[in-house]
Amino acid sequence: MAKTVEKEKTPVQEYLLDKKDLAILKLLQQNARITTKEIAEQVSLSTTPVHERIKRMEEAGVIKHYATLVDHAKVKKGLMAICYVKLKLHNKSAGTKFIKTINEMNEVIECYNISGEFDFMLKVVSENMDDYYNFHVNKLSEAENIGHVQSIFVMGVIKQTHVLVY
């Protein structure tokens, strides 16, 4: 019988960003559809080095994903709630099951493991209060190991950004 050899885990290497990388990231954060040529003009490089820098940042995980930001109200998801969730059990298995369940709920657009009185903070969007009630009663509250849920409704968005490099 063949012996299975476990690969040695290598630590994630830190990717050092220089001023040109930061300038490229700043432009991509403002407009992910900007062309390599437009970036090159603004950061005083030719297109090839800009393309290579972007690819390196993607491969290193600096650039994680490109996305389209959508107006919630215009796609009938105008009600936003922040849900604080406390689990009954606090072991690895219970936490893993909860996370798997949350990842399957389309209404949950963000989930954070937090410290304090609650274990998780969820950002939930729905069409209206009836839709949210259905989500809360028939999905979230039915998830295994839920101890307590507190919902807070967002009255208005004051600031919402994904800009990390400025």
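Remarks
- In order through segment 16-27: 3J(HN,Hα) via Karplus (6.51 cos²θ - 1.76 cosθ + 1.60), integer Hz, x for Gly, Pro: 8, 9, 9, 4, 5, 4, 5, 5, 5, 4, 4, 5
- In a fully extended conformation the segment linking I146 and E59 would gain 27.6 nm over its present Cα-Cα distance, using 0.36 nm per residue.
- The ellipsoid equivalent to the alpha-carbon distribution of the chain has semi-axes of 37, 27, 13 angstrom, derived from the gyration tensor eigenvalues as √(5λ) and listed largest first.
- For the pair V137 and Y166, a Förster radius of 35 Å applied to the C-beta separation gives a FRET efficiency near 0.25, rounded to the nearest 0.05.
- Debye, to nearest 20: dipole size of the chain, +1 on Lys, Arg Cβ, -1 on Asp, Glu Cβ: 280
- Violating pairs (Cα-Cα greater than 23 angstrom) within the set K76/K97; K19/K159; K26/K123; K26/K76; K64/K100: K76/K97; K19/K159; K26/K123; K26/K76
- Highest average packing first - 88-94, 120-126, Cβ atoms within 10 Å: 120-126, 88-94
- Scattering profile of segment 19-59 at q = 0.14, 0.29 Å⁻¹ [log10 I(q)/I(0), Debye over alpha-carbon scatterers]: -0.23, -1.08
Every number in this text was worked out from the coordinates using simple rules, so none of it is lab data. Given the structure is predicted, the values throughout are model-derived calculations rather than measurements. Virtual Cβ from ideal backbone geometry, glycine too; neighbours counted across all protein chains shown.
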